[in-house]
Amino acid sequence: MRAILSLALCFLLALPAMAQDTTTATGPDRSATGGAQTLDDILARQRGEQIDDSFRRNATGNADDAAGMAGQLGTLGGASDAEVWRALRYGLDDVKVSAGGPEARVLIQDGGMTWLEFRKGPLATYGAYLLGGTLVLLALFYLVRGKIRIDGAKTGRTVTRFQAVERFGHWLMAGSFVVLAITGLVVLFGRTVVIPLLGHEAFATIAVASKWVHNNISWAFMLGLVMVFFMWVLHNIPNRTDLKWLAVGGGIFSKGVHPPAKKFNAGQKMIFWAVIVFGASISATGLSLLFPFEMPMFAKTFVMLNQTGLPQAVGFGELPVMLAPHEEMQLATLWHSIMAFVLTAIILAHIYIGSVGMEGAFDAMGSGEVEEQWAREHHGLWLKELQEKGHAPDPGKAAHPAE
């Protein structure tokens, strides 16, 4: 009997503890903070976990709690300053502005944490994978294929491939892009790569210099982009000859294969249009970042995309069309970086072919003169056009004797 009574007493004493455990399991105990967020809430939010923030979202004051006016020292409402700002943050307060439009009603915009997590997470990770993977593939291709040599006998004669102004535009754009890519990578990966290697003080100096160089040399890139577009756009319009070039992979995978091509082959045309499209996109977002809040473009873009139905078709739903100025800047930096990563990977392949990947290719942009046999093998139709116009020697034509 005593044993039964002892068990019953232990069970009764354990009930409060069980009730406390049940409360803890269903939600954080905020009794010590008076209902405010706890350290566990903060840590969970930093880990990216979803938490129930209704305890904060709904704590925006109660007009019924306001005391009556007592002369000039009476209360002005039932909400504290913290509750007012909390209402503004969660968009529950009826904000009125005299100018600026609906976006000016966003007084607190906390999307910066989402931007920061994406920037140091998926953007940096997949961007590094893209560039690293590109370099690995190019190295493997070189080991398997080797340098693409000129198959035929060299003639010793040269053909003018690019004039001085064309080479200037190319190197202006290419040189500035290389500097932009390096300084951009320093800014993006500085905290994770440069600081551990060189320390905070060295990184501070490098980061400030990189930012200044990046901002100012961007004008050279945009100028070169415009020059290259107008000089070569007519030569880069696709035609049926490009299909023949693509059918055999341009001959870069097999020796002795030389498909016909005009001044630019299909591969060069794809690089040209990638540089123009991605370069223009990078330039547009770059200008938006150089002149903050002066050139918003994503809200209008989202409106047009929503009208096409494309975001809804791929599962994104309606894209937001009311963006605060800071949200525009956040999206601009992310899109700027994504496009830069893609274009950098493409340019790495272009640099490979134009240097160690193909014999005689660098001469086209170096001196502007290429070996006649190189032109015959890689751009036979273009060489034929030059010979017909008398701009290149044609050994196949017999000289007419003077009468």
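The values are calculated or read from the model by the stated rules, or taken from the named source; none is laboratory data. These numbers were taken from a predicted model, which means no experiment stands behind them. Note that each Cβ is placed from the backbone with ideal geometry, even for glycine, and that neighbours are counted across all protein chains shown. Heavy atoms of the whole protein, side chains included, go into the accessibility calculation; ligands, DNA and RNA do not. Shrake-Rupley method; radii C 1.70, N 1.55, O 1.52, S 1.80 Å.
Below, the figures for the structure above:
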{"item": "Spacing of the two label points (7 Å from each Cα toward its C-beta) at residue 137 and residue 205, in nm", "result": "3.9 nm"}
{"item": "Coil-residue trypsin sites (Lys or Arg not before Pro) of the range 295-403, DSSP, other Cβ within 10 Å capped at 14", "result": "389, 397"}
{"item": "Apportionment of accessible area to carbon and sulfur, the range 263-403, percent (1.4 Å)", "result": "68 percent"}
{"item": "Peptides ranked, highest mean first, by Cβ atoms within 10 Å: ranges 206-212, 289-295, 319-325", "result": "319-325, 206-212, 289-295"}
{"item": "Heavy-atom accessible area ranking, 1.4 Å probe, most first, across 110, 40", "result": "40, 110"}
{"item": "Ellipsoid semi-axes in whole angstrom, largest first, where each is sqrt(5λ) of the Cα gyration tensor of the range 276-367", "result": "36, 17, 10"}
